[in-house]
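The values are calculated or read from the model by the stated rules, or taken from the named source; none is laboratory data. What you are looking at is a predicted structure, and each value in this text was computed from that prediction instead of being measured. Glycine also receives a Cβ, built like all others from the backbone with ideal geometry; neighbour counts cover every protein chain displayed.
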Amino acid sequence: MKKITLTVAISLFTIIISYAQFDDRFYFPKKEWNKIENVQYEEMFFNIDSDTLNAILVKPKTKPLASIIFYHGSAGNVSTYMIMVEPLVNAGYQVFMIDFRGYGKSTGTPTHLNIASDAQIIFNEIIEKDEFKNLPIIVYGASMGTQIATKIAKDNQSKISGLILDGTIRSFTDMALLSASEEQKLIIAQYVTSPYSSINDIKDIENLPKLFIHSKEDKVVPFTQGEEVFNKAQEPKELWIYEGAHLYAIINSSEILIQKINNLINVTKENNTNSLKITLNGLRNSNGKIMLTIEDLSGNKIASTSEIIVNKQCHILMKNIASGKYSISYFHDENNNKELDSKFGIPKEGYGFSNNAKGKFGPPSLEKRTMVITNSESIVLTPEYLNF
């Protein structure tokens, strides 16, 4: 028994020594840049202490909708994450990316503490630049970057318009525990402490729109970590669960993500808002109302309305629709019970979809009923009535 105890003690002592300087267990910087193509960008340099930090500002071809401050994950450098940033830029956002100490062209060695202090110093500088003035600012953290993103959001709530956490890590300690054996976990929990963490900082963020992105298939950061942070967050908030690998939401479903970011900051300014005039013809009578709903591609309700019918026609005007892809569904509520009445699963009242799409044995596919809205426009729809 004494031999076993001594062996465990030696093992624990080794772990303590191993994790005494634990920052290098979390950061894996890459110095070499990947080639950056297809986007315009400007390099920036910041001198802090005896080190120089490199950053890039990636610019869209048109006037930016907003500025995104992007904090990347534990490996690579800013060039590694261009695959995530390019769709954001193509959608009209300018993206600021920083390589902390040791990454890419930045000098020094990264630690939890100097990343936190450097991030705040640089944040204070860039928001005073002309390129950032009069634009909403969104903080975006990817994987390990979710930790500093949450801290920056907490400490600068009045200066930003939204927070996006993609592949959220609960804390540095939780990440260290993932690869530890059962006998190591107790000592790691005690000695590998987190000077800041999303699970704690998120609770103090008030009245700031928050978008959480995570996959249940994530093999790098367990979905439960992101879910726990989401549950601790105050409203307004949204958890988008996508299908795919770690940080693959913007790669697999960039259109949905862009639409969610647009909605996050309510991009409905004069030059970015659209109105949609809808005329419904072919109604079989003027009884009741038309119940109509607009959804985004992930099924979130964007707008809904009920409108009266005059002379077997209905005219609907929907305002403040951000540019994007949508699906419209509606039905003729003839008896004003706010439900689509059916018999044996077959609708008894008129119904229809955008593009006048029809399905064979149920609703038409999302592809058939998806419509693109980029300007104020008018459409004409005709409902379908099934005979019994």
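So which residues in the stretch 85-120 are surrounded by fewer than 24 Cβ atoms within 10 Å (Cβ to Cβ), aliphatic (A, V, I, L, M), closer than 18 Å to residue 150 by Cβ and in contact with a strand residue (DSSP E or B) (Cβ under 8 Å, 6 or more places away or on another chain), if there are any at all?
119 - this is the single residue of the stretch 85-120 that is surrounded by fewer than 24 Cβ atoms within 10 Å (Cβ to Cβ), aliphatic (A, V, I, L, M), closer than 18 Å to residue 150 by Cβ and in contact with a strand residue (DSSP E or B) (Cβ under 8 Å, 6 or more places away or on another chain).
List, please: which pairs have Cβ atoms under 7 Å, are six or more places apart or on different chains, and start with a residue in the stretch 24-39 that is more than 16 Å from residue 97 (Cα to Cα) and end with one that is charged (D, E, K, R) and part of a strand (DSSP E or B)?
Final answer for the pair search is none.
Among the strands (runs of 3 or more DSSP E) lying completely within the stretch 289-366, list those that include at least 3 residues that are touching a helix residue (DSSP H, G or I) at 6+ places or on another chain (Cβ under 9 Å).
Counting at least 3 such residues, we get 324-333.
Test of understanding: among 169, 148, which residue is in a loop (DSSP other than H, G, I, E, B), of a type in the set (A, V, I, L, M) and under 23 Å from residue 245 (Cα atoms)?
169
Farther than 19 Å from residue 92 by Cα, surrounded by fewer than 18 Cβ atoms within 10 Å (Cβ to Cβ) and modelled with pLDDT of 95 or more: which single residue out of 217, 243, 235 fits that description?
When all the criteria are applied, what remains is 217.
Pick from the stretch 141-156 the residues that are over 20 Å from residue 25 (Cα atoms) and among the aliphatic types (A, V, I, L, M): which of them is surrounded by the fewest Cβ atoms within 10 Å (Cβ to Cβ)?
Step by step, filter the stretch 141-156, then rank; the result is 152.
Limited to the stretch 312-345, what total is found for residues that are in contact (Cβ under 8 Å) with a residue 24 or more places away in the chain, surrounded by fewer than 19 Cβ atoms within 10 Å (Cβ to Cβ), out of contact with any strand residue (DSSP E or B) (no Cβ under 6 Å at 6 or more places or on another chain) and on the phi > 0 side of the Ramachandran plot?
So the answer is 3.
When you check residue 283 against the structure, is it part of a loop (DSSP other than H, G, I, E, B) and at pLDDT 95 or above, yes or no?
Here the answer is yes, as residue 283 does meet what is asked.
Going by the structure shown, is residue 375 more than 31 Å from the chain's Cα centre (by Cα) and either assigned to a strand (DSSP E or B) or surrounded by fewer than 18 Cβ atoms within 10 Å (Cβ to Cβ) (or both)? Spell out how you get there, then give the answer.
Numbers: more than 31 Å from the chain's Cα centre (by Cα): no; either assigned to a strand (DSSP E or B) or surrounded by fewer than 18 Cβ atoms within 10 Å (Cβ to Cβ) (or both): yes.
So residue 375 does not fit the description; no.
I'm checking my understanding of the structure. Among residues of the stretch 59-84 that are under 18 Å from residue 119 (Cα atoms), of a type in the set (A, V, I, L, M) and under 19 Å from the mean Cα position of the chain (by Cα), which one is surrounded by the most Cβ atoms within 10 Å (Cβ to Cβ)?
78
Go through (1) out of contact with any helix residue (DSSP H, G or I) (no Cβ under 7 Å at 6 or more places or on another chain); (2) over 19 Å from residue 291 (Cα atoms) and name the single condition residue 384 misses.
All conditions are met except number (2).
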